[in-house]
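Each remark here refers to the structure printed beneath this line.
The values are calculated or read from the model by the stated rules, or taken from the named source; none is laboratory data. Everything quoted here is computed from the prediction, not taken from an experiment. Cβ placement follows ideal geometry from the backbone for every residue including glycine, while neighbour counts extend to all protein chains displayed. Protein only, heavy atoms only, side chains kept; ligands, DNA and RNA dropped before computing areas. Shrake-Rupley method; radii C 1.70, N 1.55, O 1.52, S 1.80 Å.
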Amino acid sequence: MTPLTRTEGAHAPAPGHPRRGPGRSAVPVFVFMALVAGYMLLPVYWLLVSATKSQSDLVSTPGLLPADWHLGENLAALFSRQDGVYLRWLGNSLAYAGVGAAVGTLLAAMAGYALTVYAFKGREAVFSMILGGVLVPATALALPLFLLFAEVDATNTFWSVFLPSIVSPFGVYLSRIFAAASIPVEVIEAARIDGAGEWTIFRTVALRMMSPALVTVFLFQFVVIWNNFLLPLIMLQDERLYPVTLGLFTWQSQTSRAPELQTLTLVGALVSVVPIVITFLMLQRYWRAGLAAGAVKS
């Protein structure tokens, strides 16, 4: 048997004594985590309670206390308002965020793979420019994008919101980090020796090795596009093209002359959270694996 070192012997438990679990020092940590979790979940609780109230209960009862259950009636009113325009807004958001995140993730994967595998002049300068794009806030780009689309008469169209959404400098950055960590150069060289083309290598080898990381990129991009508000506000005038964020803002701005819209706005906000929750639950296993890979290998 290998003898214990001084350090190991000092910390080893005595024979016959079980290892101790978390002591009193862990109690403040648990209390702090519970307070943080409660602080973060409090708005969700308020939204859920408010969505179950009628308009009269909403303005006459405390916000955190439940009242008579009217969620079913509120949902029916939400989906029937203006010939079901909310469902159209929800479908627009799914198109902007779902398709936009998928295309944006593919483009980010291709760019990150190219910046990792191919050595070309100016590669680091290009990557530095991409990192600079991460630091530029989206609000600073909204007006220049509007002017660009106005030059080609493409404002107030689906593409004026969709095309800017598929560009993600942060996704390119993550893709390059994950590609460098997960794709061995030897595997690529072996595929080339076997006669595989560059597109085939990327599609059959690189994408599979990067898949946990790409799920992480997809989730980040999906949430960013889903919550995007300023770009649709600037680009769109046609109500039929609104995403759900802009549509609910429009209803909220009309509550002074149509008070019932206040309840519909809250119910619509609650329903709009459901696709994000479902997406996270479906992809959380790959998301956590991607984050762990990035934290360990980057």
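How do Lys53, Lys121 stack up against each other in accessible area, from largest to smallest, with a 1.4 angstrom probe?
Lys121, Lys53
Pop out the carbon and sulfur fraction of the accessible area of the stretch 35-74 as a percent, whole number, probe 1.4 Å.
In the stretch 35-74, the share of accessible area belonging to carbon and sulfur is 76 percent.
For the chain, what is the relative contact order in percent, using Cα pairs closer than 8 Å and at least 6 residues apart in sequence?
After rounding, I find 26 percent.
Using the Cα centre as the reference, give the magnitude of the dipole from point charges on the C-beta atoms of the stretch 150-298 (Lys, Arg: +1; Asp, Glu: -1; all else neutral), rounded to the nearest 20 debye.
For the stretch 150-298, the charge dipole is close to 500 debye.
Between Leu143 and Ile278, what is the spin-label point distance in nm, taking each point 7 Å from the Cα along the Cα→C-beta axis?
3.9
In the stretch 89-160, which chymotrypsin sites (Phe, Trp or Tyr not before Pro) fall in coil by DSSP and have 11 or fewer other Cβ atoms within 10 Å?
Tyr118, Phe120
With the Cα gyration tensor of the stretch 159-298 in hand, convert its eigenvalues to equivalent ellipsoid semi-axes via √(5λ) and list them largest first in whole Å.
Computed over the stretch 159-298, the values are 41, 17, 11 Å.
Please report the orientation-averaged projected area of the chain, defined via the convex hull of its C-alpha atoms, in nm².
26.6
In a Gaussian network model over the chain where Cα atoms closer than 10 Å are linked, find which of Val99, Val59, Val152 has the largest mean-square fluctuation.
Ranking Val99, Val59, Val152 by mean-square fluctuation puts Val152 first.
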